[in-house]
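The values are calculated or read from the model by the stated rules, or taken from the named source; none is laboratory data. None of these values were measured; they are calculated from a predicted model. Every residue, glycine among them, receives a Cβ derived from its backbone with ideal geometry; neighbour counts consider all protein chains shown. For accessibility, only protein heavy atoms count, side chains too; no ligands or nucleic acids. Shrake-Rupley method; radii C 1.70, N 1.55, O 1.52, S 1.80 Å.
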Amino acid sequence: MAFPAFAPAQTTGDVFADAPGNAKRHVASGFVCPSRIGIFVRDAVGERDPSAGADFCAYSALDGVYGTITLAPLSGTDDPKAALASDFEEQEGTGGRKIAEDPIKIAGASVYARTYQTSSLASIHYRVQFAAGGAGAWSVQATMEYASPRDDRIEREFLETVYAAAFRTLGR
């Protein structure tokens, strides 16, 4: 399974400001990354791709479950596949096998999702799911690394929480 390359408790640049409850507010969009999402604890926030204005919030939970939220300004129309193209290339380059690609209903809206299987051990399947959807003037991307079926419920809860907050804060 690929692990995110984020240092714990890292904050980069001035793209996030402190918010109540130990949350971090994305300065450009107003999106709030809480200190916790369900069982996840926020590990880091910062710039993902300064040239594109893309920033991230990274979360982890016990047992190697990771979630990352990326916020990037939309330039033109929302094109989730294009927004995630470099992530797909990286996943395929490390041996990930695409097992699903469908829009999924999250927080009352359709969000593009693609899932890769990275490995299997007995009845556990290690997966990486990429999701992206436009929320107002922003592309909101969520990446989950998890073991299925053990973490399927946790994966869905993370996505529901992220997109409900994004649509509420940024618009649809």
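Got a number for carbon plus sulfur as a percent of the stretch 32-101's accessible area, 1.4 Å probe?
On the way: 1690 of 3460 Å².
Solvent-exposed carbon and sulfur of the stretch 32-101 make up 49 percent of the total.
Which is farthest toward the positive dipole end of the stretch 108-172 among 124, 148, 108, measuring Cα position about the Cα centre, with Cβ charges +1 (Lys, Arg) and -1 (Asp, Glu)?
Farthest towards the positive pole: 108.
Taking amide H atoms as placed 1.01 Å from N in the peptide plane, list the residues 5 or more away in sequence, or in a different chain, whose amide H sits under 5 Å from that of residue 172.
136
Among the lysines, select those whose C-alpha is under 28 Å from the C-alpha of residue 24, and discard any that sit fewer than 8 residues away in the same chain.
81, 105
Whole number in Å², please: accessible area per residue of the chain, 1.4 Å probe, ligands, DNA and RNA not counted.
Using a 1.4 Å probe on heavy atoms only, each residue of the chain averages 48 Å².
Skipping prolines and chain starts, which residues have an amide H placed within reach, meaning under 5 Å, of the one on residue 16, given they are 5 or more residues away or on another chain?
Long-range HN contacts for residue 16: 27.
Residue by residue through the stretch 51-57, what is 3J(HN,Hα) from phi via Karplus (6.51 cos²θ - 1.76 cosθ + 1.60, θ = phi - 60°)? Round to whole Hz and write x for glycine and proline.
5, 9, x, 8, 10, 9, 10
³J(HN,Hα) across the stretch 72-82 via Karplus (A = 6.51, B = -1.76, C = 1.60, θ = phi - 60°), whole Hz, x for Gly/Pro?
After applying 6.51 cos²θ - 1.76 cosθ + 1.60, I find 9, x, 7, 10, x, 7, 6, 10, x, 4, 5 Hz.
Can you give the calculated 222 nm mean residue ellipticity of the chain, where each DSSP H run of n ≥ 4 adds -39,500 (n - 2.57) and the sum is split over every residue, rounded to the nearest 500 deg cm²/dmol?
Working: 2 runs with 33 residues, N = 172.
Value at 222 nm, helices only: -6500 deg cm²/dmol.
How large is the charge dipole for the chain, taken about the Cα centre, if only the Cβ atoms of Lys, Arg (+1) and Asp, Glu (-1) carry charge, to the nearest 20 debye?
Dipole size: approximately 440 debye.
Given points 7 Å out from each Cα along the Cα-Cβ axis, report the residue 52 to residue 123 separation in nanometres with one decimal.
Once both label points are built, they end up 3.9 nm from each other.
Can you give me the distance in nm between label points at residue 36 and residue 153, each placed 7 Å from the Cα along the Cα-to-Cβ direction?
1.7
Test of understanding: what is the full-extension gain from residue 160 to residue 90, defined as 0.36 nm times their sequence separation minus their Cα-Cα distance?
Extending this stretch completely gives an extra 22.7 nm.
Amide H neighbours of residue 148 under 5 Å, at least 5 residues apart or on other chains, H built in the peptide plane: list them.
125, 126, 127
So what's the projected area for the stretch 96-163, the Cα convex hull averaged over all directions, in nm²?
4.4
On the first, second and third principal axes, largest extent first, how far apart are the outermost C-alpha atoms of the chain in Å?
44, 34, 30
So for the chain: antiparallel DSSP bridges make up what percent, rounded to the nearest 5?
Around 95 percent of the beta bridges assigned by DSSP in the chain are antiparallel ones.
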